[in-house]
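No value in this document is a laboratory result; all are computed from the given coordinates. Just so it is clear, the model here is predicted, and its values are computed rather than measured. Cβ atoms come from the backbone with ideal geometry, glycine included; neighbour counts cover every protein chain shown.
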Amino acid sequence: MADKERKLKHVGFIMDGNGRWAKARQKPRTFGHKKGADAIIDVLEECFNNGVTVVSLYAFSTENWSRPKEEIDAIFDLLDNFLKKYSKKLYEKKARLVISGDLSPVSKGLRERCEKLVADTACFNEYVLNIALNYGSRNELVRAFNLLKGKGEEITEEDISKALYTADLPDIDLVVRTSGEMRLSNFFLWQCAYAEFYFTDVLWPDFNKEETKKAIEWFYGRKRRFGGIENA
Ligand code: FPP
C-alpha cells in the first residue's frame with residue numbers, strides 16, 4: 001500500500017458523553033459540556049503534532065435543537081468562548097477555520113465571530129479546524145444537490161464533493177466516537193465513505209492526549225484497501 005494512502009490526514013470527532021460524565025458527578029449537563037470544551041485544546045494539539053492536518057469536530061447537530069434551551073445556549077456560549085480563546089492558536093499554527101453548517105439560526109454574535117475567523121484564516125493552509133455547527137449530513141447533501149440543480153450536464157462525484165461545506169478538504173480517514181455509542185449520527189456521511197471507525201467507552205470530557213494518541217496508533221494498525229485487495 002502506497003505511503004500516501006496510509007497517512008492519517010483528517011480525523012473527525014463525535015464528542016459524545018458530556019451529559020453522562022456530568023451526571024456521574026451529580027452536576028448539571030452543562031458542566032459536562034464545559035469540561036468537554038476544555039478537552040478539545042489538548043486533542044487538537046496532539047492531532048496536529050502527529051501529522052494530522054485536518055480535524056473535524058461535531059459541536060452541534062441539526063437534531064440538537066430538540067434539547068432544552070438552557071443547554072443549547074450553554075453549548076453556543078462555550079463555542080463562542082472557545083473561538084475567542086483558540087483564535088490566537090489558529091494564527092500561530094497557520095490553521096484555517098471552516099464552519100460546516102447553517103449559521104443563520106445562531107446568535108448574531110456567534111455568527112459574526114465565526115464568519116470573521118473563517119475569513120481571516122482563509123489564507124492559511126497548513127492545518128484546518130472544521131467545526132460542524134448546526135450541521136447534519138443529509139441536510140448538507142440536500143443543499144449540495146440544490147446548488148447543482150441548474151447544472152446542465154451529468155453530475156459527478158467531484159461536483160458533489162465540491163458543493164459540500166468541506167469542498168476543499170480531504171475525505172475523513174478516521175472517525176473517533178467516544179462514550180461507547182456506535183453510530184454515525186448524520187456526521188459527514190459522504191466524506192466518511194472510506195473512513196475507519198474508532199469507538200471508545202471513554203466519555204468525551206476524559207478524552208485527552210493519551211487517548212488521542214491511542215486512536216491514531218490504532219488507525220496506523222489498520223490495513224486500508226479502499227475496495228482493492230492486499231498487495232495488488
Ligand atoms: C454530546 O454529548 C455533545 C454535544 C451534543 C455537544 C458537544 C459540545 C461541546 C463539547 C462544547 C462546545 C463545542 C466546541 C467545539 C467548543 P451528550 O450531551 O449527548 O452526552 P450524553 O450522551 O452523555 O448525554
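Taking 18 Å as the straight-line reach from the Cα of Lys93, the aspartates and glutamates in range (excluding those fewer than 8 positions away in the same chain) are Asp42, Glu45, Glu46, Asp120, Glu126. Per the Debye formula on identical point scatterers at the alpha carbon atoms of segment 92-232, with no solvent, log10 I(q)/I(0) at q = 0.19, 0.22 Å⁻¹ is -1.37, -1.44.
Taking the helices alone, the chain has a mean residue ellipticity at 222 nm of -13500 deg cm²/dmol, built from -39,500 (n - 2.57) per DSSP H run of at least 4 residues and averaged over all its residues. With a threshold of 18 Å on the Cα-Cα distance, the over-threshold entries among Lys7/Lys223; Lys9/Lys85; Lys23/Lys213 are Lys9/Lys85; Lys23/Lys213. Only Lys, Arg, Asp and Glu carry charge here, each on its Cβ (+1 for the first two, -1 for the last two); on that basis the chain has a dipole of about 540 debye about its Cα centre. Neighbours of Glu181, meaning other residues whose beta-carbon lies under 13 angstrom from its beta-carbon, give a summed charge of +1 when Lys and Arg score +1 and Asp and Glu score -1. I want the local charge near Gly101. Using Cβ-Cβ distances under 13 Å, sum +1 for each Lys or Arg and -1 for each Asp or Glu among the other residues. Cβ neighbours under 13 Å give a net charge of -1. Listed by chain and number, the aspartates and glutamates whose C-alpha is less than 19 Å from the C-alpha of Lys27, apart from same-chain residues fewer than 8 away, are Asp16, Asp38, Glu70, Glu71, Asp73, Asp77, Asp206.
In plain terms, the residue of Leu110, Leu203, Leu189 with the fewest other Cβ atoms within 10 Å comes first and the most crowded comes last, giving Leu189, Leu110, Leu203.
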